[in-house]
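J.: Sending over a structure as structure tokens; questions will come in a sec.
Readers should treat all values here as calculations from the given coordinates under stated rules, not as data from a laboratory. Since this is a predicted model, take the numbers as computed values, not measurements. Glycine also receives a Cβ, built like all others from the backbone with ideal geometry; neighbour counts cover every protein chain displayed.
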Amino acid sequence: MEEIILRIVKISLPLSIVACMFGLGLSVVGSHLAPFTERPLLMLRSLAVVLLAVPLAVLGIILLLKPTPAVAIGLAILVACTAAPMQLVRVTSKGGSLPYMVSLHLSLALLALLTVPVTLYLFSLALRFQIEAGVLAVAKVVGMTVLAPVGIGILIRSFFPRVAEAMGPAMLKTGKIVLLISALFVVVKVYRDLFKMDLWSYFTLAVVVCVSLGIGDLLGPRDAEERTTLAMESASHGLGLALTIAVLHFRTNQAMTVLVPYFVVFIVISAIYLRWRKRSFQASPSVFVTPKPLPR
């Protein structure tokens, strides 16, 4: 039974990422890239926060708190996997900036072929764990599940905009549904191990989420909506891609048992953060601007 579940997960997880990233590419229009073209220094600083500041902080937390090897490896995989598709809807519905989020998200997705394997490799050196299939194998998975679908989606959008408009939302929705189903299969496979996680491990996960949110909020843009967006992007990670890498390139249950608890902890803490940010917006109405739909 466990072998059947593992096979289903190995097939469904990559498909969910492909669908989400293809849908993201189909949804990209010129206005989505406005923050990057109009404020390149801001976007470069934002990328530095997500790709450099947060990983360094998480590495410091791991070395300081010394969690179990499984927790350390799980966090390393999560930190390497940026650009979480579900945040596109969640953040903007809670007071985030849609244009800024899409531009940052797309940039992270296009850079993932380089940043994911390099970050994971550097963590493996610092924490002394081994990636069973090697860095190139991880890069291949990222290229096939992230970079290629986004690129193809952007090309289709360029030549067939009406087709892309019709397909984009459906692909994103399909990818998210498949991802949730895959995550449930993962829970079924590792549920026994979930109850074995000690309180110190959960404390470590909570510290990582809080520090990541704090870094994004502290180093974020002056605009309140964009700061909220960067904070959420700093603490959230690509669950589907992280689970895919864990399933394909690490021993069974070695890291998967950490990924699901992390997202439970993240959802709880980020909900508190978003509620606090929304109250701040309401207390300063001149700062808060309701996100407007982007032109197609």
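J.: Count neighbours as other Cβ atoms within 10 Å of each site's Cβ, and list the chymotrypsin sites (Phe, Trp or Tyr not before Pro) in segment 193-280 that are DSSP loop with at most 13 such neighbours.
T.: Phe195
J.: If each residue of separation counts as 0.36 nm, what is the full-extension length gain between Ile177 and Met144 once their alpha-carbon separation is subtracted?
T.: 9.9 nm
J.: Under the rule a/c < 1.5 gives rounded, and otherwise a/b versus b/c splits prolate from oblate, where does segment 127-189 land using the Cα gyration tensor? Walk me through the numbers before you get to the answer.
T.: Working: a/c = 4.93, a/b = 1.52, b/c = 3.25.
Verdict is oblate for segment 127-189.
J.: Here's something else I'd like to know. What would the Debye formula give as log10 I(q)/I(0) at q = 0.10, 0.15, 0.16 Å⁻¹ for the alpha-carbon point model of segment 2-283, no solvent?
T.: -0.48, -1.14, -1.30
J.: Arranged by the count of other C-beta atoms within 10 angstrom, fewest first, what order do Phe129, Phe123 take?
T.: Lowest count first: Phe129, Phe123.
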